[in-house]
1. Can you name the condition, by its number, that Val19 falls short on among (1) assigned to a helix (DSSP H, G or I); (2) open to solvent by less than 70 Å² (accessible area, probe 1.4 Å); (3) in contact (Cβ under 8 Å) with a residue 24 or more places away in the chain?
2. Might you check whether a residue that is modelled with pLDDT under 95 and not in a helix (DSSP H, G or I) occurs anywhere in segment 57-69?
3. What number of residues within segment 25-73 are in contact with a helix residue (DSSP H, G or I) (Cβ under 6 Å, 6 or more places away or on another chain), open to solvent by 70 Å² or more (accessible area, probe 1.4 Å) and closer than 20 Å to Ala15 by Cβ?
Amino acid sequence: MSKAKRASDEGLWRAARAVTSLKYAHEALVRVMPAPDADPAVRRTFFLRSADVYARVAEIDRGHHHEALYWAKREREKGEAIDAGRAGDRGADR
């Protein structure tokens, strides 16, 4: 990955971490989502970072607290499944 692409991705992740609503979390995370056939380590990192974004949003967007917690758990489980070699659907059903 080029230095410019890496910097762009980090900027998009910064934006994702700054969101304050579940709606904007979904929108921001779509921008950094890797392709379904991306390297498993890249997909794992995405899902675990995505889980952190949703967990943070759960504490801010109280009207969507439980839904955001659901998404945080879902993304964490998907990332951990990749780590454990149980990638299954390869994360394509987002």
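1. Of the numbered conditions (1) assigned to a helix (DSSP H, G or I); (2) open to solvent by less than 70 Å² (accessible area, probe 1.4 Å); (3) in contact (Cβ under 8 Å) with a residue 24 or more places away in the chain, the odd one out for Val19 is (1).
2. The answer is no; no qualifying residue exists.
3. 2
The values are calculated or read from the model by the stated rules, or taken from the named source; none is laboratory data. Predicted model, so just to flag it, every value in this text is computed and none were measured. So basically every Cβ, Gly included, is an ideal-geometry build from the backbone, and we count neighbours across all protein chains shown. Heads up: the accessible areas ignore ligands, DNA and RNA and are worked out on the full protein's heavy atoms, side chains in. Shrake-Rupley method; radii C 1.70, N 1.55, O 1.52, S 1.80 Å.
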